[in-house]
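Below: one structure, written as structure tokens.
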There are 2 protein chains.
Amino acid sequence: MKFATLKSDRPDGRLVVVSRDLSRAVDAGHLAATLLDAVERWDDVQAGLLALYDGLNAGAAENSFAFDPAACAAPLPRTWQWADASAFLNHGRLMERAFNTEPIPDFETIPVMYQGASDDFLGPRDDVPLPDESLGIDFEGEFGVITGTVPMGATAAAAQERVRLLVQVNDWSLRKLGPREMKTGFGFFQCKPSTSFAPVTITPDELGEAWHDGRVKLDLHVQWNGAWFGNPNGGEMNYSFGQLIAHAARTRRLSAGTVIGSGTVSNENRAAGSACIAERRVIEIIDHGEPRTEFMRFGDRVSMTARDAHGDAPFGTIDQQVVRAPAPD
Amino acid sequence: MKFATLKSDRPDGRLVVVSRDLSRAVDAGHLAATLLDAVERWDDVQAGLLALYDGLNAGAAENSFAFDPAACAAPLPRTWQWADASAFLNHGRLMERAFNTEPIPDFETIPVMYQGASDDFLGPRDDVPLPDESLGIDFEGEFGVITGTVPMGATAAAAQERVRLLVQVNDWSLRKLGPREMKTGFGFFQCKPSTSFAPVTITPDELGEAWHDGRVKLDLHVQWNGAWFGNPNGGEMNYSFGQLIAHAARTRRLSAGTVIGSGTVSNENRAAGSACIAERRVIEIIDHGEPRTEFMRFGDRVSMTARDAHGDAPFGTIDQQVVRAPAPD
């Protein structure tokens, strides 16, 4: 199944089922008021949503309409929890060199994960308001999962069974604020402004073979101001989503609607490029002794599209512009 | 005004207005379905809630009933955001010695704050399920605020105007997991299980002079298994709540229902004792060369009550037992 949330006069928007080819949509509000409501009552609403989805794909859904990604909020405009890992060790190792930080203890055996803000996610075409161009504005292309409830102490296998939906994420970062926040030990906060999501969230079965071993084996195509920046594949993730969820649930249960991110998608093969600027910069330092790529400026755009072997984009596209935040009242 | 959330068959519980002396309560569901709903529509519901509160205090509210803290969930059983500072520098400096970590950069001029999990808060009498006694189970007595929406870049003064309610918090910690998570730079995660709240949340005016300069100037009385542990005063907070909220909002707007915590209440005067075990342990190391107090065991209880000059407890009491978490299915 594929879902999106259309913006409405309510903060959690309006749930729609989206056709497999992303061309059509149909309101699902009679089955679940919002996507969060659907995830919380998944076992009760799943069959009805599937029937609606099948009807839409067959051209038989009443009152369907053309699907417009520009009308979308994030699939979950807000939720109870967002936790983001750094599960591509290639990225993590490069970032250690970029930030000149101590090696992360047990990096290859224990996932690292930060708790992010889940109160205000951005939609796929929303402007990205930020206060200051000098803060090192960077994108981070990722995959993620939306879970049902997860009991404390769940194994990775049991945790992976709680994956309800997959998402595609741009975890915006302000690189100049990161190193100081890391040194405090309290972790990322100001360096992580609101996170953005691709318009469509999908059940894992939609990916067929490309959902394998708890990983999204799709190329994530990233363009910055229209130019190729990278197309790393999600299959190189060093921890599965089951392992990441289990890590998050080690000392507490997780509520339905929890979103767990992969961290920046990154491949050892340099030809795949990068899914964030900081990674390209550290490669430039390695190759040339200095970074040659600057961070983003107001007015810059970044687009991200995961594509399968046929070139189809199951999550749709994130395409956003960075803008100066308005002065507060 | 004073509010509580009674447990119900809905995850966000049932909003009640509580009398000033905490003896009576009355349902407020006709004005706001939940406390989160009330905070999100504050300007619309405030007058009606105040009329109900005044009537309850005058003994004129219909259908009022005896207020039972044991029937309470956390005032917000879950919300969109929980961020906790370390705003008592006396505590922070002692913890640096306890964990033998590097001094936090700019500790006296920039607040430190971690993003916590807001998906599953515990009520004031709930058991506290944790997986393993050997993880260094500790309590942390704190104060906090619940905000309305806060624009990105708000000044401390403007941010403080967005304080809607005050809360009393026990920010449970697993001390054996903290140092490794601090070293990763990604911050606290597994070392911060679900946070607990006192039964009653209050508007700042309820404290009179004890809400001053963005600080809660009450003694926080902490008892561990019935024995005195400390009674530090919240007035020694080195940053105001306005400053803490502004810190959180520097690079993003905050949604209504955001909870911001003070960090462990701590006073320079040793006679005030401590509001967490880790702090007592480091004082023991300073005085005796070794810690003499162990962390909590399953079956242990901790109670926390903020009291004013008259001995009244405006937030009620947190009184919880630590238990072994059930094995997951």
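The values are calculated or read from the model by the stated rules, or taken from the named source; none is laboratory data. A quick note: this is a predicted structure, and the numbers were derived from the prediction, not measured. Methodologically, a virtual Cβ is constructed for each residue, glycine included, from the backbone with ideal geometry; neighbour enumeration extends over all protein chains shown. All accessible areas refer to the heavy atoms of the entire protein, side chains included, with ligands and DNA or RNA removed. Shrake-Rupley method; radii C 1.70, N 1.55, O 1.52, S 1.80 Å.
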Where nothing but the Cβ of Lys and Arg (+1) and of Asp and Glu (-1) is charged, how large is the charge dipole of chain B around its Cα centre, in debye to the nearest 20? 400 debye
Cα to Cα, under 23 Å, and not fewer than 8 places away if on the same chain: which lysines meet these conditions relative to B:Lys176? A:Lys183, B:Lys192
According to the square roots a ≥ b ≥ c of the eigenvalues of the Cα gyration tensor, what is the shape class of segment A:76-177, taking rounded for a/c under 1.5, prolate for a/b larger than b/c otherwise, and oblate for the remainder? oblate
Note down the nm distance, to one decimal, between modelled labels 7 Å out along Cα→Cβ at A:Ser8 and at A:Glu209. 4.0 nm
Just to be sure I understand: chains A and B are related by a rotation, so which residue of A has its Cβ closest to that axis, and how close in Å? A:Gly187, 1
Farthest positive-ward along segment A:35-191 dipole, Cα basis, beta-carbon charges - from A:Thr184, A:Ala74, A:Phe143: A:Thr184
Determine the sum of side-chain charges near A:Cys276: Lys and Arg each +1, Asp and Glu each -1, restricted to other residues whose C-beta is under 10 angstrom from that of A:Cys276. -2
For segment B:2-71: rounded, prolate or oblate by the Cα gyration tensor [a/c cutoff 1.5]: oblate
Which FRET efficiency value, to the nearest 0.05, do you get for A:Lys176 and B:Arg180 by plugging their Cβ-Cβ distance into 1/(1 + (r/R0)^6) with R0 = 22 Å? 0.25
Tell me: how much accessible area in total is hidden between A and B, 1.4 Å probe, Å², nearest 100? 5200 Å²
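Ranked from the most accessible area to the least, with a 1.4 Å probe and all protein chains present, what is the order of A:Lys2, A:Lys176?
From most accessible down to least: A:Lys176, A:Lys2.
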In segment A:77-100, the residues losing 30 Å² or more of accessible area (1.4 Å probe, heavy atoms of protein chains only) relative to their chain alone are A:Arg78, A:Trp80
Under the Kirkwood approximation for Rh and a Cα-based Rg, what ratio Rg/Rh is obtained for the protein assembly as shown? 0.96
Measuring nothing but label to label, 7 Å from Cα along Cα→Cβ, what are A:Ala227's distances to the other copies in nm, shortest first? 6.8
Please report the antiparallel percentage of DSSP beta bridges with both residues in chain A, rounded to the nearest 5. 90 percent
Carbon plus sulfur fraction of accessible area for the protein assembly as shown, probe 1.4 Å, in percent: 46 percent
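Sort segment B:126-205 into rounded, prolate or oblate with this rule: let a ≥ b ≥ c be the square roots of the eigenvalues of the Cα gyration tensor; rounded if a/c is under 1.5, and if a/c is not under 1.5, prolate when a/b is larger than b/c, oblate otherwise.
The shape class here is oblate.
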Label 7 Å beyond Cα on the Cβ vector: A:Asp54 copy-to-copy distances, nm: 6.0
Run the label-point distances for B:Pro328 please: 7 Å along Cα to Cβ, every other copy, nanometres, shortest first. 3.9
Give me the residues in segment A:218-254 whose solvent-accessible area, probe 1.4 Å, is reduced by at least 40 Å² once all protein chains are included instead of the chain isolated. A:His247, A:Arg250, A:Thr251, A:Arg252, A:Arg253
Electrostatic dipole magnitude of the protein assembly as shown [Cβ: Lys, Arg +1; Asp, Glu -1; Cα centre; debye, to 20]: 440 debye
Local charge sum around B:Arg10 (other residues, Cβ-Cβ under 14 Å, Lys/Arg +1, Asp/Glu -1)? -2
Leaving out ligands, DNA and RNA but keeping every protein chain, what accessible area does A:Arg93 have, in Å² rounded to the nearest 10, with a 1.4 Å probe? 100 Å²
Whole-number accessible area per residue in Å² for chain B, which is evaluated in the context of all protein chains at 1.4 Å: 37 Å²
Just report the Cα centroid separation between segment B:1-35 and segment B:147-212, whole Å. 21 Å
Cα centroids of segment B:228-244 and segment A:40-63: how far apart, whole angstrom? 52 Å
Given Cβ point charges of +1 (Lys, Arg) and -1 (Asp, Glu) and nothing else, what value in debye, to the nearest 20, does the dipole of segment B:223-329 about its Cα centre take? 380 debye
Choice from A:Val167, A:Val112, A:Val17 showing the highest fluctuation, given a GNM over chain A with Cα pairs closer than 10 Å: A:Val112
Can you give the local net charge around B:Trp228? Use residues other than it whose beta-carbon is closer than 14 angstrom to its beta-carbon, Lys and Arg +1, Asp and Glu -1. +3
Could you work out how far the C-alpha centroid of segment B:71-120 sits from that of segment A:82-107, in angstrom? 23 Å
If you take the charge dipole of segment B:176-239 about its Cα centre, with +1 on Lys and Arg Cβ and -1 on Asp and Glu Cβ, which of B:Trp211, B:Asn233, B:Ser196 is farthest toward its positive end? B:Ser196
In segment B:280-329, what residues drop by 20 Å² or more of accessible area when the other protein chains are put back, versus the chain on its own? Use 1.4 Å, and skip ligands and nucleic acids. B:Pro328, B:Asp329
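Just by accessible area at a 1.4 angstrom probe, what is the order of B:Thr264, B:Thr155, A:Thr109 from largest to smallest?
A:Thr109, B:Thr155, B:Thr264
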